[in-house]
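Read-outs throughout are calculated quantities, based only on the coordinates presented, and are distinct from any laboratory measurement. Everything quoted here is computed from the prediction, not taken from an experiment. Heads up, the Cβs are rebuilt from the backbone with ideal geometry, glycines too, and the neighbour counts pull from every protein chain shown.
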Amino acid sequence: MHPTSEADLAEAIATAKGALRIQGGATRDIGAPVIGTPLSTEAMDGIVEYEPGALTLVARAGTPLAQIEAALAAEGQRLPFEPMDHRPVLGTTGTPTIGGVVAANVSGPRRVQVGACRDFLLGARFVDGAGRVLKNGGRVMKNVTGYDLVKLMAGSFGTLGVITEVSFKVLPIPETQVTLAFSGHDPARAVATMAAALSSPFEVSGAAWVQGQTLLRLEGMERSVAYRVGALAQRLQPFGQADHIQGTAANTLWQTIRDAGALVGCETLWRVSLKPSDAPAFLAAVDPEQQLKCQIDWGGGLIWLGAQTAENAANTHARLRAEIATLGGHVTMLKAPTALRTSLAVFQPEPPATAALARALRHRFDPKAILNPGLMG
Amino acid sequence: MEMPAPNPAVLALKPRLVARLQEVLAPDAVIHDEAETRAYECDALTAYRCPPLCAVLPSTTQQVSDVLRICHEMGVPVVPRGSGTSLAGGALPTADSVILGVARMNDVLEVDYDNRFVRVQSGRTNLSVTGAVEADGFFYAPDPSSQLACAISGNIAMNSGGAHCLKYGVTTNNLLGVTLVLMDGTVLELGGAHMDAPGLDFLGVICGSEGQLGVVTEATLRILPKPEGARPVLMGYDSNEVAGQVVSDIIKAGVLPVAIEFMDRPCIRATEAFAKAGYPDCEALLIVEVEGSADEIDEQLALITAIARRHNPVELREAADEEQARRIWLGRKSAFGAMGQINDYMCLDGTIPVSQLPYVLRRIGEMSKDYGLGVGNVFHAGDGNMHPLILFDANKPGDLELCEAFGADILRLCVEVGGCLTGEHGVGIEKRDLMVDQFAPDDLDIQMAVKDVFDPKWLLNPAKVFPLAASEPRRQAQIAAE
């Protein structure tokens, strides 16, 4: 099904007899596999409204992300949360849509400084499982009118409703960026370096560790960045001497980090969200022999782990879940063969009381249980 | 403002309820004497008052859970209360409700600079959260005007903002986790020191739910390293249109000031008479503040003042030192007090798309003449969050009602131009009946469905947020089912 309007979509859902597999550009095949009739939002596309002077943009869910980024760039603006492109690492094809970004609450390295996709989402229109067209939030930056269901829709993977339109707060693209690169760091040293950097007033907008390098990004106006690069390097002297990466090389570098480039080609993939300072201990516990591919982002708060094959994946999965249970945080199995994603819990199981609320809420939004049923567990 | 009639069956329960509450709380934590419950009869929306059945002041999450479980069992409504500074009547009791105040829960539980968060009990005041970390160079970003008094619990309930949210966001963007007690006494942990919530974003729904889904007893808040410095610049213009254009041009130029504040002529005159900050007598005044090292501030202000000059300001004043910066902010910070000197006032909180600013100000001016009530505008221009202050005389019969009608018209105007009823104060009882102007019946129904899930008996903070015509049938059905 390819509805071209909200009304068509509402009709399709209201009359649906069985499960629907909701997708945008189908580039983010995340969660337990869903068996159902595919329903794509791709034909509901187009930027509805863009006010650069108000830093707000409204677009239909099927609008290609690239089209939105190009329109913003033409005005020197961007989506601040730096949404990742899942295609390289998941091995998918297709065209990422803005609705998909929201449904999966996709954020990139800048999340550590400015917040996630859900933090910039101002409003959403969606069709619930009964076929009702609903709206929440709006297109203004400050809005506390009624309950915030906009946050609820972000990251709900189409299980509460099919998103038809979203509005965002956007921000200016800074004049320039410079990245400080420290070499020869292990995760413990990297996380300590990143904590020192993020606790400084120098506004670090990216803090990642990949292949032994700790990378710290500074963005802003020319003079300001020059000053902060010097001041930060000075403060971080105990952690070593830093190289400077800038221009296109820096852009490419952060795009690779954003897209978990170090893990491309892995057959199984996990995403671990935890307290940043717990990252080194977590890694030491779950992968003492360093057999998994690894990338750290968000100053330690996000760990990517991958294995070339799916062999032992169930054991690794159990080990990650057991360790995170002692520390707090959560583990998502982002990529694995279909059989594993069916038999293992892809998303971190929730405590019973929270799970009961989630079940009850889903029932209210999707009484026929037809919207991506079972995807989130 | 209509409130539901108190349930006589609940009123009759008072002696037994008080006895049960006394079993789980310290003797001085259950306030039931009629003279003493008066202290809880209203919040900062003082036009509406109603003493509660009783008030409780628990000290721990366990006690909150006990109180809620007892009230749940007995079918007694509960109104959560932080510091009682709501301008929307968010903590207004009903005669058959228990006020649950978190004022005694104000400890700092954990400070973690490596991971940049602080965990506090929810009764702690906003400013004292920053107070707990500022000696080490950190601060908590959301800064509502009432920050000296308002509690984190209320900030979370209303998703409070402040002057600096253009850069730092509002409460929801700075909240990492909460301990939440449901109406039946169940204790939940949502979020925590990690950055993303697994599963559905319940934390995002709790923030801004006006105490209707659960009682937050502890909160994990993001703290930020303090910038090296900050400096404001003041600019005055002959017209609101031009000032609005300046705001837009600054934003489009790629600098992100930490605050852009706007005052119109009536407000400038009132504050000048009161605070004598030396503001120019002009149509529109902007205060723009930037942050960073001295050099970075110079760089940003050079760009901003160049834009300001292109639009022929009647005044352009850069703060050269701390004292001048203080004077620039003095008038803005005294604005509410100054208006209060003239008369009683009602403070509105609608948000509009920034591009609609000149039109909306003109319309408010016209309506002011029609209603015969004065109005001053002071607001956060960067994000379009307006605060029209309507002047009225509380002692003059009919003036409050006239003022409320004027306010409702302004808020409808905000919705009409693409904005919303409330940007940071919350709906409470104040804007409850205007919700139908912003939301279709189904949009309200899906919000109330969330309430059904978290609080099936509709006992928490009754008669707020939703129009009574929409919420009362749901609540009465629950009472009838008891």
The distance between the Cα centres of region B:69-135 and region B:409-463, in whole Å, is 22
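Would you mind giving the mean number of other chain beta-carbons within 10 Å of the Cβ of each residue in B:128-136, as a whole number? Could the numbers behind the result be given before it?
Values: counts 0, 0, 0, 0, 0, 0, 0, 0, 1.
Per residue, the average neighbour count from other chains is 0.
Convex hull over the Cα atoms of region B:38-153, averaged projected area in nm²?
On the way: hull surface 31.3 nm².
Taking a quarter of the hull surface, the average projection is 7.8 nm².
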At what distance in angstrom do the alpha carbon centres of region B:291-370 and region A:20-60 lie from each other? 39
What are the semi-axes of the equivalent ellipsoid of region B:230-336, taken as the square roots of 5 times the eigenvalues of the Cα gyration tensor, listed largest first and rounded to whole Å? 21, 17, 10
Ignore the peptide's own chain and count Cβ atoms of other chains within 10 Å of each Cβ in B:447-454; give me the average, rounded. 6
Which of A:Asp259, A:Asp85, A:Asp148 ends up with the largest GNM mean-square fluctuation for chain A, with Cα atoms connected below 10 Å? A:Asp148
So what's the convex hull volume per residue for the Cα atoms of region B:108-225, in Å³? 97
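Rank-order A:209-215, B:24-30 by packing density, defined as the average count of other C-beta atoms within 10 Å over each peptide's residues, highest first. Let's see the in-between values first.
On the way: A:209-215: 20.6, B:24-30: 14.9.
Ranked by mean Cβ neighbours within 10 Å, highest first: A:209-215, B:24-30.
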Please report Rg over Rh for region B:343-433, where both radii come from the alpha carbon positions and Rh follows the Kirkwood definition. 0.95
Proximal aspartates and glutamates to A:Lys368, defined as alpha-carbon separation beneath 15 angstrom and excluding residues fewer than eight positions away on the same chain: A:Glu11, A:Asp128
What distance in nm separates the simple spin-label points at B:Asp238 and B:Glu482, each placed 7 Å from Cα in the Cβ direction? 6.6
Is there a simple number for the mean count of other chain Cβ atoms within 10 Å of the Cβ of residues in A:231-240, and what is it? 0
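Looking at chain B, what % of the alpha carbon pairs are farther apart than 34 Å? Each step should come with its number before you reach the end.
Numbers: 42667 of 115921 pairs.
Summing the P(r) tail past 34 Å for chain B gives 37 percent.
Filter A:Lys135/B:Lys226; A:Lys169/B:Lys369; B:Lys276/B:Lys369; B:Lys167/B:Lys431 down to the pairs with a C-alpha to C-alpha distance above 29 Å, please. It would help to have the intermediate numbers written out before the result.
Numbers: A:Lys135/B:Lys226 37 Å; A:Lys169/B:Lys369 35 Å; B:Lys276/B:Lys369 27 Å; B:Lys167/B:Lys431 27 Å.
Too far apart for the 29 Å limit: A:Lys135/B:Lys226; A:Lys169/B:Lys369.
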Can you give the alpha-carbon Rg of the protein assembly as shown over 2.2 N^0.38 Å, where N counts its residues? 0.92
Quick one: helix A:352-365 against the long Cα principal axis of chain A, what's the angle to the nearest 10°, folded into 0 to 90? 50
Proximal lysines to A:Lys293, defined as alpha-carbon separation beneath 19 angstrom and excluding residues fewer than eight positions away on the same chain: A:Lys335
What does the helix-only formula give at 222 nm for chain A: each DSSP H stretch with n ≥ 4 adding -39500 (n - 2.57), the total divided by the residues, and the result rounded to the nearest 500 deg cm²/dmol? -9000 deg cm²/dmol
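Rank by packing, highest mean first: peptides A:232-238, A:353-359, B:53-59, with packing defined as the count of other Cβ atoms within 10 Å averaged across residues. Before the final figure, lay out the partial values.
Values: A:232-238: 14.1, A:353-359: 16.6, B:53-59: 23.3.
Packing order, densest peptide first, comes out as B:53-59, A:353-359, A:232-238.
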Give the lysines whose C-alpha is closer than 20 Å to that of B:Lys14, dropping any in the same chain fewer than 8 places away, or say none. B:Lys457
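Ordered by packing density, taken as the mean number of other Cβ atoms within 10 Å over each peptide's residues, highest first, how do A:108-115, B:298-305 rank? Intermediate results must be reported in sequence, preceding the final value.
Details: A:108-115: 22.8, B:298-305: 19.4.
By packing density, highest mean first, the sequence is A:108-115, B:298-305.
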Mind checking the angle between helix A:313-327 and chain A's longest principal axis? C-alpha axes, 0 to 90 degrees, to the nearest 10. 70
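With the alpha-carbon atoms as the only input, what is the per residue convex hull volume for chain A in Å³?
135
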